[in-house]
Amino acid sequence: METNSIIDHSLPKAERYQMLTQALGAILESETDLTANLANAAALIFHSFDFHWVGFYWVKENELVLGPFQGPVACTRIAKGRGVCGTCWEKNEIQCVPNVNEFPGHIACSALSQSELVLPVTRNGVVLGVLDIDSVFLNDFDEEDIRGMSQIVSVIERKFGA
Ligand code: SME
């Protein structure tokens, strides 16, 4: 499957999210390996939008450890409660941060990142990891992104979750 050009960037965001969710469902259907599926999910999201960084941090023992991603080199371990990702894990709540420079404890993996959206990936209410998306623009994430990315996370959770 040619994944990099599935989603036309000129389409409205809602349509892109719909296509992306369908494409991810199809890709995940035929593969059971976690790393393979998270890697393709990161690639698919990254190539459907113009975000700076898209990837996963996965809970390993008592830390979040860098998982499959697309974008610049990133920090590898994040403690619970630290930065936007660690806060998402600790609170088990989506974090939509319009200006990361104003977020207490934000971990600046890339000085270019200005806004950030992080969603928990859960199984039976327990956080397995987080999906982290960074943008070079301030206030780049809206309700449509939260809804769309939540749908994507649901596809991943259905595969590995309950
Ligand atoms: N900025 C994140 C760290 C991960 S990078 O953005 C890839 C944070 O504060 O949790």
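Every number here is computed from the coordinates shown, using simple stated rules; none is lab data. Source: prediction; values computed, not measured. Heads up, the Cβs are rebuilt from the backbone with ideal geometry, glycines too, and the neighbour counts pull from every protein chain shown.
Legend: ranking of residues M149, M19 from fewest to most surrounding C-beta atoms inside 10 Å; resulting order M19, M149. Each of V100, V136 was scored by other Cβ atoms within 10 Å of its Cβ. Arranged with the fewest first, they read V136, V100. Once you have a ≥ b ≥ c as the square roots of the Cα gyration tensor eigenvalues for region 73-117, tell me rounded if a/c is under 1.5, and otherwise prolate or oblate according to whether a/b is larger than b/c. Note, shape of region 73-117 comes out oblate.
Which listed residue (P68, Q95, V127) has the Cα farthest towards the positive end of the charge dipole for the chain, taking +1 on Lys and Arg C-beta and -1 on Asp and Glu C-beta about the Cα centre? Of P68, Q95, V127, it is V127. Computed across the chain, the Kirkwood radius stands at 15.6 Å (inverse of mean 1/r, all Cα pairs). The value of relative contact order for the chain, using C-alpha pairs under 8 Å at least six residues apart, is 21 percent. Packing around the peptides 87-94, 45-52, 70-77, taken as the average count of other Cβ atoms within 10 Å per residue, puts them in this order, highest first: 45-52, 87-94, 70-77. Peptide packing for 128-134, 57-63 was compared via the average number of neighbouring C-beta atoms within 10 Å per residue; ordered from the highest value, the list is 128-134, 57-63. Rounded to the nearest whole Hz, the Karplus-based 3J(HN,Hα) values (6.51 cos²θ - 1.76 cosθ + 1.60, θ = phi - 60°) of region 92-97 follow the sequence 6, 9, 4, 10, 10, 10, with x at glycine and proline.
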